[in-house]
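A short write-up of the structure that comes next.
The values are calculated or read from the model by the stated rules, or taken from the named source; none is laboratory data. Note that the structure is predicted; figures quoted are calculated from it, not measured. Every residue, glycine as well, gets a Cβ built from its backbone with ideal geometry; the counts of neighbours run over all protein chains shown.
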Amino acid sequence: MNLKTFALPSVAIAAILALAGCSGTAQSTTRPDGSGDHSGHSMPMGAPSASSAQGVFNAADAMFAQMMIPHHEQAVEMSGIVLSKPGLDARVAALAEQIKAAQAPEIATQRGWLAAWGQPTAMAAAAGHGMEGMMTADDLGGLKAAGASDAAKLFLTRMIAHHEGAVTMARTELSSGSNPEAVSMATSIIGSQTQEIEQMKSLLGQL
């Protein structure tokens, strides 16, 4: 398993510094009606009232959410592709369903954080390039074109790398983030996806 420290691209580092320059942390105050008032970060109308919006966040928390959203979205996409294969191994299908069920709600939560923090969902242009484990367009095309048997093996191989990348990003959040909910999710990702990596390695050896 690749547990090396995640090296952010220079553009990503610049994005972090830019965020930090605007406001490294945001502390909320609670109004009588229970809503949060963020210093330097107004909550958009209709934004989810996430409890994380009532605490602090820093540039690392925002970057974690901004990078994890497309990472999770691709995992959901990969799972959807392999689940569309007639005759797919039932064990692979169950794992793909499990991944979709876990990561889709996390995407919604991360979007809610960013909306509450007044941060854009997407990072600065090209800042996300180099995220570990991401499949290329050609990789996704190969998965779509493969038959059930080959697709199952390709899905497991690519998803192992994909999960390893997510674990690396989550470890970076643990070391640099400050928002309790973001740090908690990072801890959960490390635990659940490390377990799934071992499950996928075992399953791959049986196909």
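Numbers at a glance
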{"quantity": "Whichever residue in the stretch 80-105 is buried (at least 19 other Cβ atoms within 10 Å of the Cβ) and within 15 Å of the chain's Cα centre (by Cα) and, among such residues, is farthest from THR194 (Cα to Cα)", "calculated": "GLN103"}
{"quantity": "Only one of LEU143, LEU156 that is among the aliphatic types (A, V, I, L, M) and either without any contact (Cβ under 8 Å) to a residue 40 or more places away in the chain or more than 18 Å from GLN103 (Cα to Cα) (or both)", "calculated": "LEU143"}
{"quantity": "Residue tally, condition surrounded by fewer than 17 Cβ atoms within 10 Å (Cβ to Cβ) and within 23 Å of GLU106 (Cα to Cα), over the stretch 134-156", "calculated": "2"}
{"quantity": "Residue satisfying condition, being over 21 Å from the mean Cα position of the chain (by Cα) and under 18 Å from GLY205 (Cα atoms), within set ALA161, ALA151", "calculated": "ALA151"}
{"quantity": "Scope the stretch 174-207; condition outside any helix (DSSP H, G or I) and modelled with pLDDT of 95 or more; matching residues", "calculated": "GLY177, SER178, ASN179"}
{"quantity": "Residue match in the stretch 132-141 (condition: acidic (Asp, Glu) and part of a helix (DSSP H, G or I))", "calculated": "yes"}
{"quantity": "Options ALA146, ALA122; residue that is aliphatic (A, V, I, L, M) and modelled with pLDDT under 95", "calculated": "ALA122"}
{"quantity": "Filtered residue count, the stretch 171-207, keeping only those that are of a type in the set (Gly, Ala, Ser) and in contact (Cβ under 8 Å) with a residue 40 or more places away in the chain", "calculated": "6"}
